[in-house]
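These notes concern the structure reproduced below.
What follows is calculated from the coordinates using simple rules that are stated; it is not laboratory data. Since this is a predicted model, take the numbers as computed values, not measurements. Don't worry about glycine lacking a Cβ; one is built from the backbone with ideal geometry, like all the others, and counts go over all protein chains shown.
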Amino acid sequence: MTAALPWWDRLPLEALDAAQWEALCDGCGRCCLHRLEDEDSGEQFATRVHCRLLDAERCRCTDYANRHAQVPDCMTLDAARAGAWDWLPPSCAYRRRARGLPLPAWHPLRTGDPESVHRAGASVRGRVISEADVAEDDYEEHIVLWVDEDCSHADWR
């Protein structure tokens, strides 16, 4: 019965080839948001401030191949570190598959439509501001929370 499942529901992260790995990204852009960490509790908070390389309309990196040269602290996702992905949104396909969960119904692999993530309200499109427009000391003023954690009807508050 497992052979009938699509590769994204069947294969573990470590078995994916490079093309499958990249296709797993839903294009939400939430991993490109700056996060703040409370020094006392270690709790992390997402802001609506995005990396300068993010195309906020397409929700994709403008220089993905060279992003580490331009943004040295840009995170690399790989199967070996899947256990440390709590900072990714709960809807993230990498995080979900690392935990054995299925992709959300709106995921582009399921729908065949890259716009489905935006229609579902799960992306950052229209909700973010570039780091070029905000002083780093002011990031705290731009903390955001997802109202619906499964992002089926995501919104900012």
Worksheet entry | Fewest-first sequence of TRP21, TRP85 by Cβ atoms within 10 Å of each Cβ | TRP21, TRP85
Practice prompt. Quickly estimate the mean residue ellipticity at 222 nm for the chain, helices only: each DSSP H run with n ≥ 4 gives -39500 (n - 2.57), and the total goes over all residues, rounded to 500.
Written response: -3000 deg cm²/dmol
Worksheet item: Given the chain, what whole percent of its Cα pairs are spread farther than 28 Å?
Response: 19 percent
Worksheet, complete the sentence: With the 8 Å Cα cutoff and a minimum separation of six or more residues, the chain has a relative contact order in percent of 29 percent
Worksheet item: If we count other beta carbons within 10 Å of each Cβ, what is the order of SER91, SER41, fewest first?
Response: SER41, SER91
Worksheet entry | Cβ-derived FRET efficiency at R0 30 Å, LEU36 paired with LEU11, nearest 0.05 | 0.30
Worksheet item: Once the piece of chain linking ALA105 and ARG52 is laid out straight, how much longer is it, given 0.36 nm per residue of separation minus the C-alpha distance between them?
Response: 16.1 nm
Discussion item. Explain nothing, just the number: dipole magnitude of region 2-142 about its Cα centre with +1 on each Lys and Arg Cβ and -1 on each Asp and Glu Cβ, in debye rounded to the nearest 20.
Written reply: 960 debye
Discussion item. Run the numbers for HIS68 and GLU115: contour at 0.36 nm per residue of separation, minus the present Cα-Cα distance, in nm.
Written reply: 14.2 nm
Discussion item. Spelling out what I want: for every residue of region 63-79, take phi, set θ = phi - 60°, compute 6.51 cos²θ - 1.76 cosθ + 1.60 (Karplus), and round to whole Hz; glycine and proline get x.
Written reply: 9, 3, 5, 10, 4, 5, 6, 8, 10, x, 8, 4, 7, 9, 8, 8, 4
Response to the item:
As a percent rounded to 5, the proportion of antiparallel DSSP bridges among beta bridges in the chain is 80 percent
